[in-house]
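First up is the structure itself, then whatever we jot down about it.
Any read-out appearing in this document is the output of simple, stated calculations on the displayed coordinates, not a laboratory observation. Everything numeric here is computed off the predicted structure, so don't read it as measured data. Counting neighbours? That spans all protein chains shown, and the Cβs are built from the backbone with ideal geometry, glycine included.
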Amino acid sequence: MALVLPTKPEGLAFFLDVDGTLIDIAPTPGGVVVPAALPADLRRLADRAEGALALVSGRDVATIDRLFAPETFTAAGVHGSEYRLPGGERVRLPVPAALPEIKRELEAFVAGRPGLLLEDKGHALALHYRLAPERADEVAGVMERVVRLGADELALQPGKMVVEMRPRHASKAGALLRLMASPPFAGRMPVAVGDDLTDETMLMAARDMGGLAIGVGGGISRPSERERAQLADPDAVRDWIARLAGRA
Ligand SMILES: [Mg+2]
């Protein structure tokens, strides 16, 4: 089913993934480039939507801020583990107790395997293998083993060239629902945009609320495949945002 992209921001609430959606994926998480016009376009769009725009990312909020400086936005970081709420208040879910022990195990695993990158996000650990794709099975295996150390608290979150361990009760859908419960989001129609498996719950939550799910790119099969609009790549997302923001 082809669904139509919105052309005006009035009445809408935007939930935007960052990597692979707003910005292009780079070989390493630190290597991404934020196009110069993007922070100001997002600000303009947020203003036109009366503040109902949130960045919803696997990255932590401090890193999101650094990427989009000097602008700051309502944000949900580490898959909904930490927030900057619309009034500016910062909220963090508890950090899973098993993470330090798991981190030590993964550091030892990574030490003998060039090309793997362990990212500590505070609430989550991400093991990237973009520079060593032949290690995909090994990475999946070690993550499945160590996640059991925190079985009640942690869940695996596979993504593009990465396997992550995040708090079991955090999700991007949870972030959308939490933000939609209060102003300026409440009462608007949610529009969720994302490119990866971690975005699926958020896209479906938006749709379940009568909103719109927008997928970016292709190449992975998604549960929401048949009931969403589609943008080809981050470049197309940025063009759409510029138009919604009234710039292009
Ligand atoms: Mg993404």
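Values as computed for the structure displayed
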read-out: Nitroxide proxy distance, nm - points 7 Å out along Cα→Cβ at Lys103 and Glu50; value: 4.2
read-out: Relative intensity, log₁₀ I(q)/I(0), of the chain from a Debye sum that treats every alpha carbon as a point, q = 0.09, 0.10, 0.16 Å⁻¹; value: -0.37, -0.46, -1.16
read-out: Debye, to nearest 20: dipole size of the chain, +1 on Lys, Arg Cβ, -1 on Asp, Glu Cβ; value: 420
read-out: Radius, Kirkwood style, for the stretch 1-125 when every pair of distinct Cα atoms is counted (Å); value: 16.4
read-out: P(r) tail fraction, the stretch 33-80 - alpha-carbon pairs more than 17 Å apart, %; value: 30
read-out: Choice from Leu38, Leu176, Leu53 with maximal GNM fluctuation in the chain (Cα, 10 Å cutoff); value: Leu38
read-out: Nearby aspartates and glutamates by direct alpha-carbon distance to Lys103 (threshold 20 angstrom, same-chain neighbours under 8 apart not counted); value: Asp60, Glu82, Glu119, Asp120, Asp137, Glu138, Glu144, Asp152, Glu153, Glu164
read-out: Protection proxy ranking, peptides 188-194, 140-146, average beta carbon neighbours within 10 Å, highest first; value: 188-194, 140-146
read-out: For the stretch 99-167, Kirkwood radius (reciprocal of mean inverse C-alpha pair distance, Å); value: 11.7
read-out: Calculated diffusion of the stretch 122-248, Stokes-Einstein form, Kirkwood radius summed over Cα pairs, 37 °C and 0.692 mPa s, µm²/s; value: 201
read-out: Spin-label pair Ala26/Arg66, simplified geometry with 7 Å Cα→Cβ offset, distance in nm; value: 1.0
read-out: Dipole axis of the chain (+1 Lys, Arg; -1 Asp, Glu on Cβ), positive-most option in Gly246, Ile25, Met143; value: Gly246
read-out: Gaussian network model of the chain, Cα within-10 Å springs - most flexible of Asp60, Asp17, Asp137; value: Asp137
